[in-house]
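Notes follow the structure.
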Amino acid sequence: MIQKTRIVWLIVLSLLAVWGGTIVSLWNGPFLDADRYAEARYANRLMESAGAGETVSLREESALAYWSCYPDVAQDAYFGREGPLNLLGAREHFDRHGRGEGRIWPMTEDDCRTAESVQ
């Protein structure tokens with residue numbers, strides 16, 4: 001009887017330890033913290049672009065050119081220069097809204113000038 005009680009307690013304590021570890025992981029993870037979620041998403045997007053062969057310096061040049069072409073986006077609280085997405089804000093805006101609005105994704109500021117002269 002004592003042996004069965006010890007086994008039951010061992011199982012109960014093990015389950016409590018696993019449950020507690022899960023709660024601590026969730027509490028400290030990106031799911032319950034908006035800032036950590038934004039940081040994790042930012043890091044994932046950087047890794048995706050690196051996997052596609054796009055360097056951070058190329059991404060920066062393109063983002064700066066996009067903001068230069070479209071000052072309204074540059075001033076936006078979410079997609080702009082000071083937004084939480086940082087350099088990814090420009091590309092995120094283009095993917096969500098800009099393409100549908102007929103905007104271009106420039107590689108340099110010259111691309112923006114060329115597109116303006118065509119319109």
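Laboratory data are not the source of any read-out in this text; all were calculated from the coordinates shown. Predicted model, so just to flag it, every value in this text is computed and none were measured. For neighbour counting, all protein chains shown are included, and Cβ atoms are generated from backbone atoms with ideal geometry for every residue, glycine included.
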If you count, for each residue, the other Cβ atoms within 10 Å and average over each peptide, how do 90-98, 9-17 line up from highest to lowest? 90-98, 9-17
Using Cβ counts within 10 Å as a stand-in for footprinting exposure, how do S62, S68 rank, fewest first? S68, S62
P(r) histogram, all alpha-carbon pairs of the stretch 53-107 included - 5 Å bins from 0, percent: 5, 24, 34, 26, 9, 2
